Amino acid sequence: MKIWLKTPLSILAENAENGLVIQDNKIIELVPLGAEPINQIDKIFDASQHVIVPGLINTHHHFYQTLTRACPSAINKELFPWLKALYPIWAGLNPENFRLAVRVALAELLLSGCTTAADHHYVYPKELTDGLDIQVDEARKLGIRMHLTRGSMNLSEKDGGLPPESVVQDKDTILADSEAVVGKFHQHGEGAMTQVALAPCSPFSVTTDIMEETAVLAEKLNVRLHTHLAETEDENNFCLSLYNCRPVDYLENVGWMSNRTWLAHGIHFNEDEILRLGKAGVGIAHCPSSNHLLASGHCLVPELEKAGAPVGLAVDGSASQDCSNLMQEIRQAFFLQRINYGAANITHFDAFRWATEGSAACLGRDDIGKIAVGKQADIAMFKLDELRFSGAGDPLAALVLCGAHKADRVMIAGKWVVEDGQVPGLDIPSLISKHHGEALKLQGLI
Ligand code: ZN
């Protein structure tokens, strides 16, 4: 079956003004201005009302946090006190509320044009030790490409860390389960729908030996490494007092300074650290909304890219921004970087690049993130039929400038997963009702 997405209103791809042809899970042809496809076409989709962009890629999230949005005990706090307020609540996660949290996050991402989602799951209370199984199950049902990360915490308050004892695990359990979930879920190579990375939570919640041994294990299993780093000045001070070095030095000391690694946030780097990260090819998941909300700081995106570090975009967990809309995050990144670097130096094309090619590079993939022949057929399509777009002259720029937030159509690996602004088969009012009830219960509000 060859389908032609014909003559879009606008498209973020070169020489594809008349659309693209998809066969099975791949893009097989771009159709230039005034041309017809060379391939014999089985089906035509009239895209004349749609702006087509590559499927957006989210590089960092915590799905479970959809249960603690706008949580009264955590609002108006910065990172460390925010975490301390939330850890005891997150200790109440169980398979039922977690499944609903995952479904909400995935549906919200899909409807914002996201086709690949990375999640950093690091909270393992006693009742919920198989969180990744639940994530895979939900992702498969919705048809989204998923980068799971097997997170971990083993440095609790009693050992000088931040989390309470109730949400940490011991080193042997963490390493054994890390290897097991890679074996169970990780698909190598082109077109993978599920991949697994190893992801100790942060320098202030795991021990040095977990960082070191996880890096060795990732190399052995040929999977990627992920963690939070340099999010706040508090973290720099924590590293200096506990390890007598700054976070990037620590990263180097524990064997993580390589292009196998991508980091969430990456804000508080000095010039020399940016050059070292770029030289090593370490990726950065830029989370502008979360960084604003927690008042963490500004990621130096152009400097990092110039140094050679891939930069992707991420909504971060839904307790720190507090939604999962990746299209909105593009607008947020555009504004944040523009105020720092000027209108001529940051364009909507840059913001789209971070959420597509940059994010793909962070996840170590070259088969997604771009509309080009041979790439996976991961596509997001937006209509400009809301009041906010009325009068827009440049349809592609309008997505960012007018604030698009809802995709009309989304395709992943050649299959429609969003049609007419809906996720087929998903009863969203019922999902909201169940999820909201569980969230209020978890927050102790009912
Ligand atoms: Zn995070």
Open item on the list: Anything in the stretch 159-180 that is small (Gly, Ala, Ser) and surrounded by fewer than 20 Cβ atoms within 10 Å (Cβ to Cβ)? List them, or say none.
Closed with: 160, 166, 176, 180
TODO: Would you check which residues across the stretch 122-140 are open to solvent by 30 Å² or more (accessible area, probe 1.4 Å) and closer than 26 Å to residue 361 by Cα and list them?
DONE: 133, 137, 140
Task: Condition broken by residue 241, with the remaining ones in (1) within 16 Å of the ligand (Cβ to nearest atom); (2) surrounded by fewer than 24 Cβ atoms within 10 Å (Cβ to Cβ); (3) small (Gly, Ala, Ser); (4) closer than 29 Å to residue 217 by Cα satisfied - done: (1)
- [ ] Give me a count of the residues in the stretch 25-70 that are within 16 Å of the ligand (Cβ to nearest atom) and either open to solvent by 60 Å² or more (accessible area, probe 1.4 Å) or modelled with pLDDT under 95 (or both).
- [x] 1
Open item on the list: Taking the criterion of being modelled with pLDDT of 95 or more, on the phi > 0 side of the Ramachandran plot and open to solvent by less than 10 Å² (accessible area, probe 1.4 Å), would at least one residue in the stretch 258-265 satisfy it?
Closed with: yes
- [ ] Inspect all residues belonging to the stretch 258-266 and state whether any of them is away from the ligand (no atom under 12 Å from the Cβ) and hydroxyl-bearing (Ser, Thr, Tyr).
- [x] yes
Task: Enumeration of residues in the stretch 91-121 that are at pLDDT below 95 and either open to solvent by less than 20 Å² (accessible area, probe 1.4 Å) or at positive phi (or both) - done: none
- [ ] Of the conditions (1) within 30 Å of residue 439 (Cβ to Cβ); (2) open to solvent by less than 10 Å² (accessible area, probe 1.4 Å); (3) more than 13 Å from the ligand (Cβ to nearest atom), residue 285 clears all except one; give me its number.
- [x] (3)
Task: Yes/no for residue 293 being within 16 Å of the ligand (Cβ to nearest atom) and either within 30 Å of residue 29 (Cβ to Cβ) or among the hydroxyl-bearing types (Ser, Thr, Tyr) (or both) - done: no
Open item on the list: One residue is enough: does the stretch 191-212 have a residue meeting the conditions free of Cβ contacts under 8 Å to residues at least 24 places away in the same chain and either within 16 Å of the ligand (Cβ to nearest atom) or farther than 23 Å from residue 80 by Cα (or both)?
Closed with: no
Task: In the stretch 346-388, the residues that are in a loop (DSSP other than H, G, I, E, B), within 15 Å of the chain's Cα centre (by Cα) and under 17 Å from residue 187 (Cβ atoms) - done: 363, 364, 365, 368
- [ ] State yes or no: is residue 333 among the hydrophobic types (A, V, I, L, M, F, W, C) and buried (at least 24 other Cβ atoms within 10 Å of the Cβ)?
- [x] yes
Open item on the list: Looking at the structure I just gave you, is residue 275 in the same structural domain as residue 200 (by TED's automatic domain parsing), open to solvent by 10 Å² or more (accessible area, probe 1.4 Å) and more than 16 Å from the ligand (Cβ to nearest atom)?
Closed with: yes
Task: Looking only at the stretch 317-360, and only at residues there that are within 16 Å of the ligand (Cβ to nearest atom) and modelled with pLDDT under 95, the one that is nearest to residue 379 (Cα to Cα) - done: 323
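The values are calculated or read from the model by the stated rules, or taken from the named source; none is laboratory data. Quick caveat, the model's predicted, so the values are computed rather than measured. No Cβ is skipped: glycine too gets one built from the backbone with ideal geometry, and neighbour counts run over all protein chains shown. Protein only, heavy atoms only, side chains kept; ligands, DNA and RNA dropped before computing areas. Shrake-Rupley method; radii C 1.70, N 1.55, O 1.52, S 1.80 Å.
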